Amino acid sequence: MYTFYDIDDNGIAELLTGHLSTNGDYYLAAIYYLNQGVSTYLAQSRVALAGGSRESATIYTDGTVFYACWHSLHSEANGYLYKLRSDNTGFDIEKEGEFQVAGVKPDDERSANSIFSLGSKTPLDLTSLLWKDISSYSSNS
């Protein structure tokens, strides 16, 4: 599935890919943005089939993207709070740091919510977007 959404509200929509679960929820797979006219990867969400690495991306309505990566055998993760540049020249890392993914409550000082102030942000409701099947894509050019 894919959709376009203007994350940074600059008039240029970013490409989001994802999948629809059996319960009707959409899950973000990857985010691509135009960097000076070139489609460029920003972040993804994925889980290895058997153990291994994990990645998670969340788009917030304030124009930021939180990206985290960790290994299933470790309780620590690396997190990054991205903000796309409105002139389409890339993105800035507003904050980066290590946080705990296991054994902490959302308000714990070691949680992503606390370290990146995510509790005060509103995640984008992916079900509010118009998703299309990739097989239905047609280019306008």
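Bear in mind that the values in this text are calculations on the coordinates, not laboratory data. These figures come from a predicted structure and were not determined experimentally. Every residue, glycine as well, gets a Cβ built from its backbone with ideal geometry; the counts of neighbours run over all protein chains shown.
Counting only lysines at least 8 places from Lys105 when in the same chain, those with an alpha carbon closer than 19 Å to its own are Lys121.
Between Leu15 and Arg46, the contour length at 0.36 nm per residue exceeds the alpha carbon distance by 9.5 nm. For the stretch 2-137, averaging the sequence separation of C-alpha pairs within contact (under 8 Å, six or more residues apart) and dividing by the residue count gives a relative contact order of 19 percent. Among the trypsin sites (Lys or Arg not before Pro) within the stretch 55-141, those in coil by DSSP and having at most 14 neighbouring Cβ atoms inside 10 Å are Arg85. Paramagnetic label reach from Asn78 (point 7 Å along Cα→Cβ; backbone nitrogen cut-off under 15 Å): within the stretch 28-44, residues 43-44. Global size of the stretch 27-77: 12.8, 39 Å for Rg and Dmax (C-alpha atoms, Rg to one decimal, Dmax whole). Every helix of 4 or more DSSP H residues in the chain counts as -39500 (n - 2.57), and over all residues that averages to -500 deg cm²/dmol at 222 nm.
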